[in-house]
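The values are calculated or read from the model by the stated rules, or taken from the named source; none is laboratory data. Computed from a prediction, not measured in an experiment: that's the story for all the values here. Please note: Cβ atoms are built from the backbone with ideal geometry, for glycine as well, and neighbour counts cover all protein chains shown.
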Amino acid sequence: MTESEFMSRVDVTLERIEALLDDAETDLDCESNGGMLTVKCENGSQIIFTRQPPVKQLWVATRHGGFHFDHDGKQWLRDTDGASLTEVLTAAFAEQAGEDFDFSDV
């Protein structure tokens, strides 16, 4: 994957996440800035997404740690165990925001 393909994939992913959260009737606050998306939960915790061009990964920081995702051509998969971004986000938002979201289109 070229760097421009990687950047485009991350941008599309972050835009989809932000749109999904904006459309939901929740108290989550999203802030997007230069390839980084910060989601502030009502309880003060945050979920932060950043792109890492040198290693072509999407990094996600949650209350329970930081996770690195590689794109396999179809979806983002965690580099340590192959868990999908969808699975990780569903669990993180349920735990941190007390919200159930369908991230299957991310």
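Some points to look at:
- Residue pairs whose Cβ atoms lie under 7 Å apart, sitting 6 or more positions apart in sequence or on different chains, and linking a residue in the stretch 37-57 that is within 14 Å of LEU85 (Cα to Cα) to a partner that is part of a strand (DSSP E or B) and charged (D, E, K, R), are GLN57/ASP70.
- Checked against the criteria, LEU58 counts as aliphatic (A, V, I, L, M) and either in a loop (DSSP other than H, G, I, E, B) or under 10 Å from the mean Cα position of the chain (by Cα) (or both).
- When the stretch 1-34 is limited to residues that are closer than 16 Å to VAL55 by Cβ and among the charged types (D, E, K, R), the one that is surrounded by the most Cβ atoms within 10 Å (Cβ to Cβ) turns out to be ARG9.
- Enumeration of residues in the stretch 63-92 that are closer than 15 Å to ILE17 by Cα, outside any loop (DSSP other than H, G, I, E, B) and either of a type outside the set (Phe, Trp, Tyr) or modelled with pLDDT under 95 (or both): SER84, LEU85, THR86, GLU87, VAL88, LEU89, THR90, ALA91, ALA92
- Residue check, ASP79 surrounded by fewer than 19 Cβ atoms within 10 Å (Cβ to Cβ), farther than 19 Å from MET36 by Cα, of a type in the set (Asp, Glu) and in contact with a strand residue (DSSP E or B) (Cβ under 6 Å, 6 or more places away or on another chain): yes
- In the stretch 74-97, the residues that are of a type outside the set (Ser, Thr, Tyr) and free of Cβ contacts under 8 Å to residues at least 24 places away in the same chain: LYS74, GLN75, LEU77, ARG78, ASP79, ASP81, GLY82, ALA83, GLU87, ALA91, ALA94
- Count - residues of the stretch 1-42 that are part of a strand (DSSP E or B), more than 26 Å from GLY73 (Cβ to Cβ) and of a type outside the set (Asp, Glu): 5
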